[in-house]
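The values are calculated or read from the model by the stated rules, or taken from the named source; none is laboratory data. Here the structure is a predicted model, which is why all the values come from computation and not from measurement. Virtual Cβ from ideal backbone geometry, glycine too; neighbours counted across all protein chains shown. Accessible surface is based on the protein model in full, side chains and every heavy atom, while ligands, DNA and RNA are left aside. Shrake-Rupley method; radii C 1.70, N 1.55, O 1.52, S 1.80 Å.
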Amino acid sequence: MTKIVDSGRGLVLVATAAAVLMAGCANMTETQRNTGIGAGVGAVAGGLIGDGKGAAIGAAVGAAGGYAWSKYMENKRQQMQTATAGTGVQVTQTQDNQLKLNIPNDISFETGRADLQPRLRPILDQFAQGLGQQPGTEVFIVGHADSTGTDAINNPLSQQRANSVRDYLVTRGADSRIIRTEGRGSREPIASNATDAGRAQNRRVEIFLSERASVAHAPAPAPAPVAAPAPTYNTPIGQPR
């Protein structure tokens with residue numbers, strides 16, 4: 001067995017392991033592929049600790065880091081596609097098995113503002129249904145802005161927009177403990193900022209719903225043992241008079 005002697009070589013081995021695993025996973029489902037890659041890379045990275053225990057720990061942590069596309073996630077995707085039909089909201093499954101809602105600015109926020117437009121609320125009402133009731137689910141909300149204005153304006157504005165979505169979901173029963181928010185300002189455009197149409201596309205909010213594979217695939221708890229029935233006694237005591 002080859003021993004890893006320096007961190008630089010270790011990083012190369014990590015990258016190599018990931019590439020090999022990705023190449024060998026052609027016949028796997030998305031969940032199996034993501035979990036397998038996580039486990040393999042985790043094992044190699046764990047080997048940098050210096051013994052077999054490190055590799056084992058790394059494999060366990062890597063496998064637990066993936067997302068599952070469960071029946072719950074598929075049902076949620078279909079629910080949100082129905083709820084957003086004709087609105088311009090894009091509902092997709094990401095490569096790492098997250099449900100993504102890309103919400104354009106024309107139905108979410110007015111320019112320079114962080115309060116929700118009325119057209120967005122029915123969509124969020126549907127999205128909030130059942131959030132927190134499914135074990136292992138997480139919500140990540142990302143706010144974006146166009147390049148108009150400075151970072152001093154765009155960064156807090158994009159964060160405020162993400163927070164507004166979170167706050168509304170919480171009022172509709174979502175568990176605030178499973179929701180994270182982030183504002184990314186104008187750093188991640190999806191269209192050119194040179195045109196009005198492009199800037200409109202860049203002013204958006206993205207919502208990601210995910211379910212941890214380790215929770216989704218956990219075995220069901222064993223049923224509670226059934227207590228034995230109490231014995232019955234039919235032998236008469238004494239004689240009738």
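Computed quantities for the displayed model
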{"read-out": "Some residue of the range 145-156 being among the hydroxyl-bearing types (Ser, Thr, Tyr) and touching a strand residue (DSSP E or B) at 6+ places or on another chain (Cβ under 6 Å)", "value": "no"}
{"read-out": "All helices (runs of 4 or more DSSP H) inside the range 67-167 with 1 or more residues being over 27 Å from residue 192 (Cα atoms)", "value": "71-83, 121-128"}
{"read-out": "Residue selected from the range 168-197 under the condition assigned to a helix (DSSP H, G or I) and out of contact with any Asp or Glu (no Cβ under 8 Å at 6 or more places or on another chain), by the criterion least open to solvent (accessible area, probe 1.4 Å)", "value": "169"}
{"read-out": "Boolean, residue 213 is open to solvent by less than 30 Å² (accessible area, probe 1.4 Å) and at pLDDT 95 or above", "value": "no"}
{"read-out": "Output for the range 79-131, where each listed residue is modelled with pLDDT of 90 or more and acidic (Asp, Glu)", "value": "96, 115, 125"}
{"read-out": "Test: residue in the range 143-160 that is touching a residue at least 60 places away in the same chain (Cβ under 8 Å), under 18 Å from residue 106 (Cα atoms), buried (at least 22 other Cβ atoms within 10 Å of the Cβ) and under 18 Å from the mean Cα position of the chain (by Cα)", "value": "yes"}
